[in-house]
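Okay, structure first, notes after.
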Amino acid sequence: MISRKYSVSQNMSQSDTLAVLDHEGIGTILLSSDKDSISLVERINNGNTNHLDLVILDLPYISEQHLQRIVEKCVLSKIPTLAIVPADNVLDVDSELDITDFITSPIYEDELILRAKRAINVNKSPMADDVIVRDDLIINPTNYEVTVKGKRVDLRFKEYELLLVLSSNPGRVYDRATLLNQIWGYDYFGGTRTVDVHIRRLRSKIENNPDEPYIETIWNVGYRFRSIGSA
C-alpha cells in the first residue's frame with residue numbers, strides 16, 4: 001500500500017501545481033481522488049480533451065481499480081500521465097502500469113516542470129508511427145479518424161475505443177469481460193452483451209468483405225483483430 005505521508009499539498013498546493021504548469025503553457029488536470037478519476041473518464045468518453053496536455057496522478061489517493069482505468073483511458077487517448085509517489089514507496093508502484101513518468105514527493109517546481117515536459121515529449125511520436133493500416137481500413141489515433149477506402153467512417157466513441165484496442169494488438173484474442181472492463185469500466189453493469197452489440201455496429205460500418213473481416217469472432221471466447229496473413 002502506498003503511504004499518504006506525502007502529497008502535493010505537502011509543499012505545493014494543487015492550485016500552485018497547476019499554475020506552475022499553466023505558466024509553461026501545459027494544460028493539466030491533477031487527480032487526487034477516485035471521484036476526480038471518474039470525472040476525467042467521463043470527460044474523455046465525451047471526447048472533451050481539448051487543451052489537455054497532461055494528467056497528474058496523486059497515487060496515494062487513487063484506488064488501484066480507478067488508477068488502472070484512468071491510465072488505460074489516457075493511453076488510448078494519447079494523453080501523457082505523470083504520477084506522484086512518495087519517495088519511500090517507489091517500489092510499491094505496479095511496474096506494469098503504463099504511466100508515462102513518475103515524480104517523487106515532496107515535489108519541487110523545477111523538477112515538476114522538467115518531468116512534465118519530458119512526459120509530454122515521450123508521449124509524442126510521428127503521426128506515421130501511430131496510424132494503423134489494414135487493407136482499406138485506416139485508423140489515425142492522432143485525430144480519432146477512421147476511413148475505409150478513403151471515406152471517413154462515423155463511429156461513436158465506444159466503437160472507436162473498441163476498434164483501437166483490438167487493432168493495436170492484431171492477433172490477440174480478447175474475451176468479452178476484458179473488453180468490457182477495459183472500455184466501459186469495472187463498475188459497468190450492462191453485461192458482456194454490450195460488447196457484442198458494439199462489435200455488430202462496428203462491423204456494419206467498417207467491414208466490406210465478410211470472407212476477410214477485420215474483426216474475427218473467436219467462438220465462446222471473444223474477438224480479435226485479424227493479423228497480417230491470417231486470412
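Listing Phe157, Phe102 from fewest to most neighbouring C-beta atoms within 10 Å gives Phe157, Phe102.
For the chain, the longest principal axis of the alpha carbon atoms and the long axis of helix 34-45 meet at an angle near 40°. Modelled spin-label separation between Asp130 and Leu91, with each label point placed 7 Å from Cα along the Cα-to-Cβ direction: 3.8 nm. The modelled label-to-label distance for the pair Thr192/Asp98, using points 7 Å beyond Cα in the direction of Cβ, is 2.2 nm.
In the elastic network of the chain, a GNM with C-alpha springs shorter than 10 Å, the most mobile of Asn140, Asn209, Asn89 is Asn209. By other beta-carbon atoms within 10 Å, ranking Val20, Val146 with the fewest at the front produces Val20, Val146. Between Asp211 and Leu114, residue separation times 0.36 nm minus the direct Cα-Cα distance comes to 29.8 nm. What shape does the range 128-225 take by its C-alpha gyration tensor, where a ≥ b ≥ c are the square roots of the eigenvalues and a/c under 1.5 counts as rounded, a/b above b/c as prolate, and the rest as oblate? Prolate, since a/c reaches 1.5 and a/b exceeds b/c.
The phi torsions of the range 18-32, fed into the Karplus equation with coefficients 6.51, -1.76 and 1.60 and a -60° offset, translate into couplings of 5, 5, 4, 6, 4, 4, 8, x, 10, x, 10, 10, 10, 9, 10 Hz, rounded to whole numbers, with Gly and Pro shown as x. Taken over the chain, the convex hull of the Cα atoms encloses 133 Å³ per residue. Its Cα centre serving as origin, the chain has a Cβ charge dipole (Lys and Arg +1, Asp and Glu -1) of approximately 880 debye. Stretching the chain fully between Phe157 and Thr178 yields a gain of 5.8 nm (0.36 nm per residue, less the alpha carbon separation).
Bear in mind that the values in this text are calculations on the coordinates, not laboratory data. The model shown is predicted, which means the values in this text are computed figures rather than measured ones. Glycine gets a Cβ as well: all are built from the backbone with ideal geometry, and neighbour counts include every protein chain shown.
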